[in-house]
Amino acid sequence: MATSSESSECSESTLRKRRVEPLKPATITSDNSTNDTEDTGKYEDKKKEALSLRTGTYWLTRIVLLRSIGFIYFIAFTVAYNQNKQLIGQRGLMPAKDYLNSVKRYVGGKIGMAALAYTPSILWFMDWSAMDANLDGIALVGMVLSGFVLVTGMANMVIMVVLWVLYHSLVSVGQLWYSFGWESQLLETGFLGIFLCPLWSLSQVSPRHPPSIISIWTFRWLIVRIMLGAGLIKMRGDRCWRDLTCMDYHYETQPVPNPMSYYLHHSPWWFHRFETLCNHAIELVAPFLTFLGRRMCMVNGTLQILFQVVIIVSGNLSFLNWLTIVPSLACFDDASLAFLFSSGRGAKQEVLRLQAEEAAGQSPKPSRGMLIRRVVNIALGVLIGYLSVPVVLNLLSSKQVMNTSFDPLRIVNTYGAFGSITKERTELVLQGTLSSDPSDPAVVWEEYQFLCKPGDPERRPCLISPYHYRLDWLMWFAAFQTYEQSEWVIHIAGRLLSNDTSVLSLMEHNPFQDRENPRWVRGEHFRYKFAPPGSARAAQGKWWVRKRIGPYFPPVNLEGLTKYFQSRNWPHPHIPTR
């Protein structure tokens with residue numbers, strides 16, 4: 001039995017051993033490593049969370065939408081500045097002044113509400129004797145304002161209203177040259193853009209001017225109607241859409257092909273069937289994904305954008321497909337568009353700050369202005385819903401019409417494209433001669449070349465989208481009509497006989513430049529087909545093979561056109577206007 005002293009020594013010895021016993025490095029390292037990893041992981045998670053945008057807000061979406069609308073407006077006003085004088089100016093092919101006078105007579109001879117309702121345009125209140133200056137002024141102001149929105153991503157309701165009014169003023173008097181669906185689509189898109197913005201402020205991200213979810217949904221509703229309208233008109237229109245053969249013809253016969261159209265036209269037959277099936281799925285099925293939650297809405301937006309990009313690559317369809325991308329962008333919120341913005345500073349950082357304040361309960365209390373804005377947004381939703389009734393009825397009708405406005409301001413419209421496909425391409429070719437006798441077998445006819453439409457078989461198809469040559473586009477329509485149905489073609493012939501510089505500025509090649517004026521001009525009708533790859537003509541550098549169908553209109557001279565011009569109140573080229 002141990003004594004007390006022995007017990008004490010044993011205890012002290014044991015204590016000393018415990019005190020001097022070396023610590024196990026592996027154990028310590030393992031514990032610290034685990035703790036450090038957990039702390040680092042939590043820190044990284046918090047950091048990532050702080051830098052990530054939450055879903056369901058649309059500050060960045062608004063910026064992207066406004067810049068996109070600004071881009072389309074800029075292109076449209078640039079086209080107007082370069083071409084309106086020749087088309088609807090003082091000596092244009094269809095002068096806006098004459099059109100306004102005819103509307104004025106129709107509504108009783110007064111410029112009042114009836115005239116404005118029939119033709120909404122600020123040109124009513126401008127000096128008609130300076131129509132060219134008026135048209136240029138409208139286009140230049142539009143270019144400046146839209147360029148500002150495009151570059152800065154900033155806008156307010158005042159700027160967007162001015163842009164909408166200016167372009168509406170041009171479309172309303174543009175007559176045949178502005179008679180296509182994308183004009184109404186731009187006006188509707190521009191109108192919706194007004195309600196994205198603050199009234200006065202140009203701030204991109206302001207807590208007192210949040211983008212309205214109602215406004216976002218008006219854009220989503222627009223892309224749904226555009227695509228359903230396009231899909232349904234195809235299924236009800238040309239049988240080739242139902243038997244999947246339309247794409248066998250489309251690339252060759254579309255209004256203004258581009259170089260890719262040539263190669264796509266010669267794709268295998270199974271590829272064309274696949275294209276048509278994809279077209280039907282994207283236009284008739286994908287739009288309904290918009291209503292199935294955030295992720296499905298984003299899927300639809302992605303499909304629609306990719307679809308429009310493919311169409312842009314395949315042909316020159318003005319700014320139509322670029323414009324159709326715009327409402328598709330509303331399918332994405334801030335979290336999905338954050339990759340487009342720099343993280344260091346700017347709009348993205350401001351949105352992160354606002355979301356952090358909101359999470360901390362520091363959001364500003366609704367002001368009187370914010371409450372009024374909510375009422376305005378609700379009113380917008382009600383207006384769009386009310387104006388959509390005839391549009392929806394048209395979509396459901398077996399007698400569906402496309403590209404139609406049901407109100408004079410073109411706020412809500414019905415759309416569609418290529419409801420029927422032409423199976424062969426015909427072209428109107430204008431020719432002139434210096435010979436005094438057009439019936440002489442030895443006469444030499446020289447061709448005018450347009451800026452983009454097919455003419456010389458050796459000329460490569462142009463690439464101009466989103467820019468647009470309005471005269472070239474209308475020449476495509478004229479080719480499968482008669483000159484009696486397209487009298488403006490004879491007007492062009494008269495201008496060519498006098499070497500009129502305004503009309504010739506819309507063409508690429510004038511064979512009589514720096515020479516005397518042609519004595520006769522005629523229109524010839526040709527059938528065009530893409531030259532088969534590997535053929536002898538393709539080896540010769542020809543993109544097209546053409547065959548003469550016959551005369552489109554007989555040879556005409558200035559003397560013979562005098563009565564024709566007078567009966568239509570067109571200025572005769574011999575008579576200078578003042």
Checking Trp270 against (1) open to solvent by 20 Å² or more (accessible area, probe 1.4 Å); (2) in contact with a helix residue (DSSP H, G or I) (Cβ under 8 Å, 6 or more places away or on another chain), only one condition comes out false. Which one? (2)
If the requirement is being touching a Ser or Thr at 6+ places or on another chain (Cβ under 8 Å), surrounded by 17 or more Cβ atoms within 10 Å (Cβ to Cβ) and either closer than 14 Å to His491 by Cβ or among the hydrophobic types (A, V, I, L, M, F, W, C) (or both), which of these qualifies: Phe526, Phe565, Phe553? Phe526
Could you check, for segment 473-481, whether at least one of its residues is in contact (Cβ under 8 Å) with a residue 24 or more places away in the chain and of a type in the set (S, T, N, Q)? no
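Does Tyr167 count as buried (at least 23 other Cβ atoms within 10 Å of the Cβ), modelled with pLDDT of 95 or more and within 20 Å of the chain's Cα centre (by Cα)?
yes
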Elements of type helices (runs of 4 or more DSSP H) contained in segment 293-344, each with 1 or more residues being within 11 Å of Ser465 (Cβ to Cβ): 294-314, 320-328
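Restricting to segment 537-560, and then to whatever is of a type in the set (Gly, Ala, Ser) and within 26 Å of Val521 (Cα to Cα), can you tell me which residue is nearest to the chain's Cα centre (by Cα)?
Looking at the filtered set, the residue picked out is Gly550.
Yes/no per residue for (1) open to solvent by 60 Å² or more (accessible area, probe 1.4 Å); (2) of a type in the set (A, V, I, L, M, F, W, C); (3) within 13 Å of Ala330 (Cα to Cα):
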| position | (1), (2), (3) |
| --- | --- |
| Phe274 | yes, yes, no |
| Leu277 | yes, yes, no |
| Val285 | yes, yes, no |
| Leu289 | no, yes, no |
| Val310 | yes, yes, no |
| Ser314 | no, no, no |
Pairs needed: first member in segment 155-183, of a type in the set (Gly, Ala, Ser); second member anywhere, part of a loop (DSSP other than H, G, I, E, B); C-beta distance under 6 Å; at least 6 residues apart or different chains. Ala155/Cys197; Ser169/Ser121; Ser172/Thr119; Ser172/Pro120; Ser172/Ser121; Gly181/Asn403; Gly181/Tyr415
Within the bounds of segment 321-343, is there any residue that is surrounded by fewer than 18 Cβ atoms within 10 Å (Cβ to Cβ), modelled with pLDDT of 95 or more and among the polar types (S, T, N, Q)? no
For Phe480, which of the numbered conditions (1) over 27 Å from Ser172 (Cβ atoms); (2) among the aromatic types (Phe, Trp, Tyr); (3) loosely packed, with under 14 Cβ neighbours inside 10 Å fails to hold? (3)
Out of everything in segment 428-475 that is aromatic (Phe, Trp, Tyr) and not in a loop (DSSP other than H, G, I, E, B), what residue ends up being surrounded by the most Cβ atoms within 10 Å (Cβ to Cβ)? Phe450
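Is it fair to say Leu496 is closer than 22 Å to Gln83 by Cα, in contact (Cβ under 8 Å) with a residue 24 or more places away in the chain, crowded, with 16+ Cβ neighbours inside 10 Å and more than 29 Å from the chain's Cα centre (by Cα)?
Yes: the conditions hold for Leu496.
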What residue, of Ile421, Ile378, is modelled with pLDDT of 90 or more and open to solvent by less than 40 Å² (accessible area, probe 1.4 Å)? Ile421
For Glu508, are the conditions met, namely being within 31 Å of the chain's Cα centre (by Cα), surrounded by fewer than 16 Cβ atoms within 10 Å (Cβ to Cβ) and among the acidic types (Asp, Glu)? no
Identify, by number, the condition in (1) touching a helix residue (DSSP H, G or I) at 6+ places or on another chain (Cβ under 7 Å); (2) within 18 Å of Pro457 (Cα to Cα) that Phe553 doesn't meet. (2)
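Listed here are the residues, each with its yes/no results for (1) in contact with a Phe, Trp or Tyr (Cβ under 9 Å, 6 or more places away or on another chain); (2) free of Cβ contacts under 8 Å to residues at least 60 places away in the same chain; (3) more than 30 Å from Leu354 (Cβ to Cβ); (4) open to solvent by less than 20 Å² (accessible area, probe 1.4 Å).
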| position | (1), (2), (3), (4) |
| --- | --- |
| Pro198 | no, yes, no, yes |
| Ile213 | yes, no, no, no |
| Gly237 | yes, no, yes, no |
| Cys246 | yes, no, yes, yes |
| Met260 | yes, yes, yes, no |
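The values are calculated or read from the model by the stated rules, or taken from the named source; none is laboratory data. As the structure is a computational prediction, the values presented were derived from the model and not from experiment. Ideal geometry is used to build each Cβ from the backbone, glycine not excepted, and the neighbour counts take in all protein chains shown. These area figures cover heavy atoms from the full protein model, side chains too; ligands, DNA and RNA do not enter into them. Shrake-Rupley method; radii C 1.70, N 1.55, O 1.52, S 1.80 Å.
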